[in-house]
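One structure follows; several queries about it will come next.
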Amino acid sequence: MGGKDERLFLRDHLAALRTVLANERTFLSYVRTALALIVSGISFIRFFGSAVTEALGWALIPLGLFTLATGVRSYRRMAVLMEEEERRH
């Protein structure tokens, strides 16, 4: 008992767990970046009086929302792929 097949199964299982954690970590990075963009945009609009910084602020908010949407889409797509792969095996 405890032969090569069992070690291979454990290694594959741990690799799958690392992939899940990497997907979650990537999603959280997207969320962090999106929040930073949105908060920066609001700050530029609220606290700086120049038209240029206000325009930059209004540009950063949709960019932050787009980043968040991209992160959600990427996370869901990878989760579906991982689930399909798990069902195959």
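Each value in this text was obtained by applying a stated rule to the coordinates, not by laboratory testing. Computed from a predicted structure; not experimentally measured. Please note: Cβ atoms are built from the backbone with ideal geometry, for glycine as well, and neighbour counts cover all protein chains shown.
Rounded to whole Å, give me the distance from the Cα center of the range 12-36 to that of the range 49-80.
Here the answer is 19 Å between Cα centres.
Using Cα pairs closer than 8 Å and at least 6 residues apart in sequence, work out the relative contact order for the range 17-88, in percent. Could the numbers behind the result be given before it?
Values: 62 pairs, mean separation 27.7, N = 72.
Dividing the mean separation by the residue count of the range 17-88 yields 38 percent.
Counting C-alpha atoms alone, how compact is the chain: give Rg to one decimal and Dmax as a whole number, in angstrom.
Taking only Cα atoms of the chain, I get Rg and Dmax of 20.6, 73 Å.
Based solely on its DSSP helices, what 222 nm [θ] is calculated for the chain when runs of n ≥ 4 H residues each add -39,500 (n - 2.57) and the sum is averaged over all residues, nearest 500 deg cm²/dmol?
Working: 2 runs with 82 residues, N = 89.
Counting only the DSSP helices, I get -34000 deg cm²/dmol.
Could you size up the charge dipole of the chain around its Cα centre, putting +1 on the beta carbon of Lys and Arg and -1 on that of Asp and Glu, and report it in debye to the nearest 20?
100 debye
If we restrict to alpha carbons, what Rg and Dmax does the range 41-89 come to, in Å?
Computed over the Cα atoms of the range 41-89, radius of gyration and Dmax are 18.4, 59 Å.
Can you give the angle from 0 to 90° between the axis of helix 4-47 and the longest principal axis of the chain, with both taken from C-alpha atoms, to the nearest 10?
Once rounded, one gets 0 degrees.
Roughly what would the spin-label model give for D12 and L63, points 7 Å off Cα along C-beta, in nm?
4.5 nm
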